[in-house]
């Protein structure tokens, strides 16, 4: 009974167990099936992720921005020092005897260099070994280094000045499998993954070995990850050390190996690997890293250099040669040992490499996105023509107009002069902006958006909208000259009260609070007389002046209030620059450009921003106006510019000051360059500076330090010159000016003048021989 | 095949271009100002000299034009203009390239620009007006074409 009793439950229990077992088995089977399905689905998902990334664009290659290429030719005003600066900026390295592309060797005033292949929009400029000789701050001769043949010009591959990569701050130079030198591949495999060519994505032996080593050491000292796993980790996964990530990594590594060849994976690895940080820019891949650390192409790396880079994979910041020299060197030697052990290098190579010093950190090629204000303008111009994905998608090359020589001087003098001005005025918080462009071509050569060139943020050259003050006057006088006025027309600089319906009475005044009586028109402009200007502008019509400002290139709507005539309208320095560009280019509207062309990664031209011109004003009117603008500098408000710019250069320009000395402006051009400078405060408080006392000083210092061409104004047909005897004014006013040689449109010459021989300009107007520029004397002080 | 088509399309232009080149060469010999005489008013710079940077680039631009590669010619001329931005002859060359690109509006504008820098170089001014006349005719503006050719006749 008891037994039975006992047996019965036992039976039941057995039954229970049996049914439990079968249920368990069922559950297990179901779970297994489900998890297999889940696994398959998951693996399939991972598979898709991998293929999508691998088959599509593997990397968002940033668009690379280049400076203008330096073109050297005999007689160009340029120095050996300037060339060396350019070459270093362009990533050239100092090489004994300049053996390979990208190397240079300077011997006194002679520079040997080997340029690098570069595709421009007019085709490939092949690498060339050239010797450039300098004499007297000029290029004396250019010859081919091998044959001695004289060359009329050489175009040097331009410097990379930045890249656009909005989401991730990464950068890389993409390499193909063929670009990877054997030495690098073998070293990489010797150090990171010895069974690379045998395993299927995961290396069980390596894992076992790593586990054994780690257990014995009690901590993680060795990793068993294959190159494939490392790539997967960098490529698809985050950096957390979890089991789940490890599992994902392994699955994806195997999947990757199923779909792609060893070579494809290796190439991807070589492009992806993180090898250091340059400010906000992450240095990825061996291509960029070898440029960054050694200024070399990866194929030119020595065994010691390869060893350093391969060693750094373990910890790019821990083994950073810039900060941890000893550690980096030690690691390199370990890698060299491994390279020898695996027969990657010969004993002789090993000895040489081991003895090699670590690369000097001075050589490190930084300077990416070094000109943020300029790059901002490049970006805006591109935004008009491209979508952001197009720009960042596939490694386009953007060839810009930036002239590093001009940019360097702009940055240096803007910042230094502002500091000096702050000391002098006792007012802190001054800011400034500069735009320099080529006179005829309208190419933006340099741009500063603030006194701290590397500080990103408010770009005043583009975004500061400030009252332009007297910079508007050339537009007023241009309108007058086109409407019956001559340079000698007497105008009354006497008080005037303006009333218009619904507004208060307005009584403008001169800067010196005085009236100057009756003066010839050119004098009113040269001295920037407000009262005379208002009278002229009201006579010809404010709307006509507004119309001309638009024609000059600032195509916006301005209200035609009388205050417009004295520059109440606000503009950015860049807009002002476009406005003066039209005057500098002789009345032709030349759209200012920052980009020359855009090329795809495989060097096809996708976009050209070519030179275009459009005549907006008659040549003779502009000729008269520009002559008057020269007088602003020779005898008017900008006279003190003579302290910076030698007399033979000649400058046409205009000072500008807004109410209460809030804005200080100067815009002016020489024979080859136009520059606009603005100084003011971000909070719009007074600066205590006039145009001549602030902005013009910056202008003078920048231009003084650059090679300049003398200003020539080509006389158009139908101009006659006359000596204006100011006695005809004397009877009417207290003005006692000197006689002045003035140009007139034929037929408009006033009778009270002594007309000269037809078409015979005064001696000073003649073309003059260029003398020794002051700029080079100044420059030489800094070298 | 492509070039074959091009040559066919460009044939008359091509001949005209050659003619212009010849005129230019002849002009180059004739228009240099006598030594010692100052160049008045900064205008009338000597034509582009062979063997100089601008000269080399101009020669290369001519090659490109002859090969029907107007875009390459344009880029090359822009380089030349960067070296000698106020050389009226180069602006005229640019006008010819624009004409070749069938951008007649810009052809006219570049001629006007060339004229504004030509000073007393009446031969160049004449060539500018001639080209403008043809460009206006291409744009169907016969009045302006006529006026331009009258100005060309007057420029001597």
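The values are calculated or read from the model by the stated rules, or taken from the named source; none is laboratory data. Nothing here was measured: the structure is a model prediction, and the numbers come from that model. Reconstructed Cβ throughout: ideal geometry from the backbone, glycine too, with neighbour counts over all protein chains shown.
All but one of (1) outside the structural domain of residue A:312 (by TED's automatic domain parsing); (2) farther than 24 Å from residue A:66 by Cβ hold for residue A:185; which doesn't?
(1)
Pairs needed: first member in the range A:606-617, at the interface with chain B (Cβ under 7 Å from one of its Cβ atoms); second member anywhere, in a loop (DSSP other than H, G, I, E, B); C-beta distance under 7 Å; at least 6 residues apart or different chains.
Every condition considered, the pairs that remain are A:611/A:441; A:612/A:591; A:613/A:590; A:615/A:587.
Looking at A:640, A:597, which is the one that is surrounded by fewer than 20 Cβ atoms within 10 Å (Cβ to Cβ) and within 14 Å of chain B (Cβ to nearest Cβ)?
Details: A:640 fails: within 14 Å of chain B (Cβ to nearest Cβ).
The unique qualifying residue is A:597.
Residues that are in contact with a strand residue (DSSP E or B) (Cβ under 8 Å, 6 or more places away or on another chain): which helices (runs of 4 or more DSSP H) entirely in the range A:483-596 hold 2 or more of them? Please lay out each step first, then the result.
Working: elements: A:521-526, A:530-540, A:542-551, A:573-584.
The helices (runs of 4 or more DSSP H) meeting that bar are A:521-526, A:530-540, A:573-584.
Give A:392, A:401 a once-over and let me know the one that is within 24 Å of residue A:595 (Cα to Cα), modelled with pLDDT of 85 or more and surrounded by 19 or more Cβ atoms within 10 Å (Cβ to Cβ). Can you show your working first?
Values: A:392 fails: modelled with pLDDT of 85 or more.
Of the residues listed, the single one that is within 24 Å of residue A:595 (Cα to Cα), modelled with pLDDT of 85 or more and surrounded by 19 or more Cβ atoms within 10 Å (Cβ to Cβ) is A:401.
Mind counting the residues in the range B:107-134 that are surrounded by 23 or more Cβ atoms within 10 Å (Cβ to Cβ), within 14 Å of chain A (Cβ to nearest Cβ) and either free of Cβ contacts under 8 Å to residues at least 60 places away in the same chain or in a helix (DSSP H, G or I) (or both)?
The number of residues fulfilling the criteria is 14.
For the range A:685-700, which positions are surrounded by fewer than 23 Cβ atoms within 10 Å (Cβ to Cβ) and more than 17 Å from residue A:634 (Cα to Cα)?
A:685, A:686, A:688, A:690
For the range A:115-155: of the residues being touching a residue at least 12 places away in the same chain (Cβ under 8 Å) and in contact with a helix residue (DSSP H, G or I) (Cβ under 7 Å, 6 or more places away or on another chain), which is farthest from the other protein chains (Cβ to nearest Cβ)?
Top of the filtered list is A:137.
Condition first: part of a strand (DSSP E or B) and within 17 Å of residue A:323 (Cα to Cα). Now tell me which residues in the range A:282-303 satisfy that. Show your work before the answer.
First, the residues of the range A:282-303 that are part of a strand (DSSP E or B): A:282-284.
Scanning the range A:282-303 gives A:282, A:283.
Looking at the range A:414-461, which of its residues are within 25 Å of residue A:279 (Cα to Cα) and in a helix (DSSP H, G or I)?
A:414, A:415, A:416, A:460, A:461
Please find, among A:586, A:517, the residue that is crowded, with 20+ Cβ neighbours inside 10 Å and in contact (Cβ under 8 Å) with a residue 24 or more places away in the chain. Give the steps one after another, and end with the answer.
Working: A:517 fails: crowded, with 20+ Cβ neighbours inside 10 Å.
On inspection, the qualifying residue turns out to be A:586.
Going residue by residue through the range B:97-106, is there one that turns out to be touching a strand residue (DSSP E or B) at 6+ places or on another chain (Cβ under 9 Å), modelled with pLDDT of 95 or more, under 26 Å from residue A:717 (Cα atoms) and at the interface with chain A (Cβ under 9 Å from one of its Cβ atoms)? First the steps, then the outcome.
First pass over the range B:97-106, keeping only residues touching a strand residue (DSSP E or B) at 6+ places or on another chain (Cβ under 9 Å): B:105-106.
When the remaining residues are screened for being modelled with pLDDT of 95 or more, the result is B:105-106.
Then keep just the ones that are under 26 Å from residue A:717 (Cα atoms); that gives B:105-106.
Next cut, at the interface with chain A (Cβ under 9 Å from one of its Cβ atoms) only: B:105-106.
There is at least one residue in the range B:97-106 that is touching a strand residue (DSSP E or B) at 6+ places or on another chain (Cβ under 9 Å), modelled with pLDDT of 95 or more, under 26 Å from residue A:717 (Cα atoms) and at the interface with chain A (Cβ under 9 Å from one of its Cβ atoms).
Residue-wise test of (1) modelled with pLDDT under 95; (2) in a loop (DSSP other than H, G, I, E, B).
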residue	(1), (2)
B:37	yes, yes
B:41	yes, no
B:44	yes, yes
B:49	yes, yes
B:57	no, no
B:68	yes, yes
B:71	yes, no
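Residues in the range A:80-97: is at least one assigned to a strand (DSSP E or B) and without any contact (Cβ under 8 Å) to a residue 24 or more places away in the chain?
Yes: one or more hits.
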